[in-house]
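Undergrad: What follows is a single structure, and I will ask about it in a moment.
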Amino acid sequence: MRSSRQPAALGALAAVVLVLATGTAPAAAVRTEDKVPVAVGTGGAVATVDAEATAAGLQVLRRGGNAVDAAVAAAATLGVTEPYSAGIGGGGFFVYFDAATGQVHTIDGRETAPLTMGPDAFVEDGAPIPFGEAVTSGLSAGVPGTPATWATALERWGTMNLRQALHPAIAVARRGFVVDQTFADQTAANADRFAAFTSTAELFLPGGAPPEVGSVFRNRDLADTYRLIAKDGVQALYTGELAQEIVDTVQSPPTVPGTTLTVRPGLMQLGDLAAYTAPLREPTHVSYRGLDVYGMAPPSSGGSTVGEALNILETVDVGALSRTQALHHYLEASALAFADRNRYVGDSDVVDVPLGELLSDDFAAERACLIGEAAAPKPVPAGSPDGEYAPCDPAPAGPGTDAGDGEGLSTTHLTTADRWGNVVAYTLTIESTGGNGIVVPDRGFLLNNELTDFNFTDGQGGADPNLPGPGKRPRSSMAPTIVLDDGRPVLAVGTPGGSTIITTVLQVLVNRLDLGMTLPEAIAAPRATQRNTASVQAEPTFPRTDLEALGHTFADNPEIGAATGIELTPDGFVAAAEPVRRGGGSAGVVDAG
Ligand code: GLU
């Protein structure tokens, strides 16, 4: 979804319309203040795409909670205010720096395929199902991982229980939030398919139309669902009363009689939900110019691809290059790393991912030799991460494949940090904007379509690491990232954007670490994404001319990503979100001084 709203103007509009729209409702209870994209201060920090979520995180920090408590509170609030991007019907990846131990931990909250799902699940009569039909279906819904992620994070590292952490989100769901242009636009863009499901139409198309900008949107069903989870724990969803309802929704989507949409049922059963776990995974790690960069391991390709590209870039002094040469190297390193991602990365519990080799300096050196004065023709072939490297004499391993997956602006990333130095980078999603379009009846949340992140057919001659499989997790691009300097966290970032997540995180890191930008500048700077495709997609203000002279070709992309991040300085925190993209994000600190 794209948005061109102006947040400052919106705040004023919302405050006025609110009075008209809510009648006797207590207007003072609904947040109307503007959000700010940059906040500097002490005591803790939160950066999200949304003012309500940032306020929830700050509230928890002010009450003595830590970064993990704040992250769960903010994420749960995003489930209310950004229900088309994230929620308990989806999944995500949680990266955590623990100040007490100096360790980085990650939780893999990726959705799983049902145990009865085989490699041909998205093929009918020898042909892949049309992508749009696969999205809006029961078939695309993976077992949600977000509730298990929250429970795991709080149990292991939090100071609050679920009831406390969900409290701010329950309050927002009950009192409502002011509908902004992005929410209205996202609803309108989904209106046709939302109208096809009784449960979704009832919640998101009240009176048959998208909620108006400035009106107050409440989600009491979700408040009640959060209360149930707060009371019974997340097992309510995996083995309790919600489990049967999710299975029923997936197996018999609640379509409106006479809908013209083809809506396939899904395979999920109670046993799939009961079997779900959100395991801890070793983070990926690379060193980059003396810093330690930690990211998300498979089933995400985020950590391995950002890490490989950084290793490739580290073979030159990017900061000493001209801006054009620096960007040329960024684009070429991205393409090379994507070639390897597409060829080798999938769910490492199911396929053999050569992660150590993909992240080795020797492999990076071999790959870096392919960067010449001019742009290489794309797609570039994948390399051979086999432990035998020949610097500057590379032997291509076969034909290249391009990314083959999306670049939506669904998904959301939040970053939190506390006064003790704990830091969380957390990216969560329901995949497409609006997920699979199906609300679990009377429960207030959408299901994901994460299983469309699998490749539907094998384009790699039997070698595709990302085909569907029983219990398998589809490959992700989510790349929540934490950077340490001598054991201390200095930076945490992440973004939505499908496979552009990887290049946006990489570009923000290069902007900040190599090109001398501040974190807010690094996030605001124009973006380009080269995912091993013929053309580079670039935002309108990205400088192209000198790169075109080197052979790069460009295609327009009006808006790439919606990043948030926190920098930890000797003086405190710089929290940063988007100033413009997706309507602008919301940064806050506990004490602005
Ligand atoms: N499902 C995508 C992934 O895991 C994220 C979707 C998006 O950011 O638009 O990579």
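The values are calculated or read from the model by the stated rules, or taken from the named source; none is laboratory data. It should be emphasised that the depicted structure is a prediction, and the values quoted were computed from it without experimental measurement. Note: ideal-geometry Cβ built from the backbone for every residue, glycine included; neighbour counts use all protein chains shown. When the accessible area is computed, the model is the full protein with side chains, heavy atoms only, and any ligands, DNA or RNA have been set aside. Shrake-Rupley method; radii C 1.70, N 1.55, O 1.52, S 1.80 Å.
Undergrad: Write out, first by first residue and then by second, each pair whose Cβ atoms fall under 6 Å of each other, whose residues are 6+ apart or on separate chains, and whose first residue, in segment 505-521, is over 15 Å from GLY295 (Cα atoms) while the second is open to solvent by 10 Å² or more (accessible area, probe 1.4 Å) and modelled with pLDDT of 95 or more.
TA: Partner pairs satisfying both residue conditions: ASN511/MET517; ASN511/ALA525; ASP514/GLY319; LEU519/ARG512; LEU519/GLU567; LEU519/VAL574; PRO520/VAL38.
Undergrad: May I pose another question? Looking at (1) assigned to a loop (DSSP other than H, G, I, E, B); (2) closer than 18 Å to THR81 by Cβ; (3) within 13 Å of the ligand (Cβ to nearest atom), can you tell me which one GLU431 breaks?
TA: Of (1) assigned to a loop (DSSP other than H, G, I, E, B); (2) closer than 18 Å to THR81 by Cβ; (3) within 13 Å of the ligand (Cβ to nearest atom), only one is false for GLU431: (2).
Undergrad: Hey, can you tell me all the residues within segment 156-178 that are touching an Asp or Glu at 6+ places or on another chain (Cβ under 8 Å) and either at positive phi or assigned to a helix (DSSP H, G or I) (or both)?
TA: Result: TRP157, GLN164, ALA165, VAL172.
Undergrad: Mind listing whichever residues of segment 563-591 are under 14 Å from ALA55 (Cβ atoms) and in a loop (DSSP other than H, G, I, E, B)?
TA: GLY585
Undergrad: Further question on the same structure: Quick one: which residue in ASP272, ASP248, ASP232 is modelled with pLDDT of 95 or more and under 26 Å from the mean Cα position of the chain (by Cα)?
TA: ASP272
Undergrad: Assuming MET117 fulfils every condition listed in (1) closer than 30 Å to LEU467 by Cβ; (2) aliphatic (A, V, I, L, M); (3) open to solvent by 10 Å² or more (accessible area, probe 1.4 Å) apart from one, which condition is it?
TA: Every condition holds for MET117 apart from (3).
Undergrad: When you look at GLY79, is it part of a helix (DSSP H, G or I), within 23 Å of ASP248 (Cα to Cα) and open to solvent by 10 Å² or more (accessible area, probe 1.4 Å), yes or no?
TA: no
Undergrad: Then there's this: Determine whether GLY372 is in a helix (DSSP H, G or I) and open to solvent by 10 Å² or more (accessible area, probe 1.4 Å).
TA: Against the criterion (in a helix (DSSP H, G or I) and open to solvent by 10 Å² or more (accessible area, probe 1.4 Å)), GLY372 does not qualify.
Undergrad: One residue is enough: does segment 523-536 have a residue meeting the conditions open to solvent by less than 10 Å² (accessible area, probe 1.4 Å) and without any contact (Cβ under 8 Å) to a residue 40 or more places away in the chain?
TA: So far as segment 523-536 goes, yes, one or more of its residues are open to solvent by less than 10 Å² (accessible area, probe 1.4 Å) and without any contact (Cβ under 8 Å) to a residue 40 or more places away in the chain.
Undergrad: Pull up segment 537-562, narrow it to residues that are open to solvent by 50 Å² or more (accessible area, probe 1.4 Å) and among the acidic types (Asp, Glu), then point me to the one that is nearest to ALA55 (Cα to Cα).
TA: Going through the qualifying residues, I end up with ASP556.
Undergrad: Further, regarding this structure: Going through segment 85-103 one residue at a time, which ones are crowded, with 24+ Cβ neighbours inside 10 Å and over 18 Å from ALA55 (Cβ atoms)?
TA: GLY87, ILE88, GLY89, GLY90, GLY91, GLY92, PHE93, PHE94, VAL95, TYR96, PHE97
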